[in-house]
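Here the structure is laid out as structure tokens; the discussion comes afterwards.
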Ligand SMILES: NC(=O)c1ccc[n+]([C@@H]2O[C@H](COP(=O)([O-])OP(=O)(O)OC[C@H]3O[C@@H](n4cnc5c(N)ncnc54)[C@H](OP(=O)(O)O)[C@@H]3O)[C@@H](O)[C@H]2O)c1
């Protein structure tokens with residue numbers, strides 16, 4: 001399958017690398033290919049982009065529009081503050097009728113840690129993206145877990161925990177739930193409902209960051225006990 005991944009951060013790289021390792025054709029999108037490929041390791045990046053790319057050479061790195069146009073399905077993993085700009089660069093035409101797997105969060109670090117939410121309560125980033133790209137089938141998912149857990153749920157408690165999907169298009173949500181299982185091994189996917197249910201999973205982030213601080217690791221998830 002041809003997959004476009006928008007985002008060169010830890011999430012974009014982790015998803016792109018994993019999906020490419022399953023023999024899918026992956027193009028990772030970024031604003032400026034040269035700047036990104038020269039990016040050194042930093043506080044949020046254990047390794048330089050070049051080191052990551054060396055270990056994941058099958059992934060092609062290209063501008064956002066090329067990654068979006070390449071993908072039969074497109075993963076959106078850019079910073080919440082730049083998400084609409086990144087998707088505008090990707091281009092409506094390149095996203096028309098496609099499933100957009102949106103893993104972004106509207107985190108605002110402008111006042112430091114803990115972050116606040118740039119949008120909440122009566123709206124969400126998932127809804128903003130769906131409104132801006134009405135012909136795209138947006139499915140919000142995976143935003144409630146850290147990048148490494150997204151692609152390896154079994155690393156937490158053997159995988160006995162939950163992830164959510166939110167979106168207006170039932171077929172798109174069903175397809176994404178299938179891909180979450182086939183690509184990454186997610187067994188427990190809860191369909192929350194339409195795209196307005198993105199509000200809840202995005203508003204979970206203030207709790208997520210506090211749990212991370214309290215237990216001193218980002219490698220955890222929630223399990224819905226009945
Ligand atoms: N880190 C996690 O474990 C985790 C877990 C769940 C959800 N998320 C969410 O997933 C998304 C990606 O997170 P991340 O940690 O991988 O990286 P990030 O630092 O939040 O985002 C990096 C990406 O955002 C792009 N970007 C930033 N500002 C932009 C702008 N103004 N216009 C266009 N693109 C812009 C960067 O573009 P360039 O490529 O051009 O530099 C890069 O591709 C975020 O929304 C985050 O909240 C993260």
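Bear in mind that the values in this text are calculations on the coordinates, not laboratory data. Quantities reported herein were computed from a predicted structural model and do not represent experimental measurements. Cβ atoms come from the backbone with ideal geometry, glycine included; neighbour counts cover every protein chain shown.
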Go ahead and set up a Gaussian network model of the chain, Cα springs under 10 Å, then flag whichever of 200, 157, 126 fluctuates most. 157
By its C-alpha gyration tensor, with a ≥ b ≥ c as the square roots of the eigenvalues, how is region 178-222 shaped: rounded for a/c under 1.5, else prolate for a/b larger than b/c, else oblate? oblate
Provide 135, 175, 199 in ascending order of the number of other Cβ atoms located within 10 Å of each residue's Cβ, fewest first. 135, 175, 199
Taking a ≥ b ≥ c as the square roots of the eigenvalues of the Cα gyration tensor, with a/c under 1.5 meaning rounded and otherwise prolate when a/b exceeds b/c and oblate if not, region 70-154 is oblate
Would you compute, from DSSP H runs of 4+ residues alone, the mean residue ellipticity of the chain at 222 nm, taking -39500 (n - 2.57) per run and dividing by the full residue count, rounded to the nearest 500? -9500 deg cm²/dmol
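Contour minus end-to-end for residue 207 and residue 47, with contour as 0.36 nm per residue of separation and end-to-end as the Cα-Cα distance? Intermediate results must be reported in sequence, preceding the final value.
Working: separation 160, 0.36 × 160 = 57.60 nm, distance 2.80 nm.
Stretched out fully, the residue 207 to residue 47 stretch lengthens by 54.8 nm.
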Does region 143-206 classify as rounded, prolate or oblate by the C-alpha gyration tensor (a ≥ b ≥ c root eigenvalues; a/c under 1.5 gives rounded; else a/b over b/c gives prolate, otherwise oblate)? oblate
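How large is the Kirkwood hydrodynamic radius of the chain, counting all unique pairs of alpha carbons, in Å?
Working: mean 1/r = 0.0572 Å⁻¹.
Mean inverse Cα-Cα distance, inverted, gives 17.5 Å.
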Relative contact order (%) - region 105-201, alpha-carbon pairs under 8 angstrom, separation at least six: 31
Calculate the length of the line joining the C-alpha centroid of region 183-226 to that of region 53-84, in whole Å. 23
18 Å cut-off, amide nitrogen to a point 7 angstrom out along residue 113 Cα→Cβ, residues in region 212-226: 212-220
Over the chain, what relative contact order in percent results from Cα pairs under 8 Å that are six or more residues apart? 18
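So, by mean Cβ neighbours within 10 angstrom, what's the order for 189-195, 39-45 with the highest one leading? Show your work: numbers first, answer last.
Details: 189-195: 16.9, 39-45: 11.0.
Ranking, from highest mean packing down: 189-195, 39-45.
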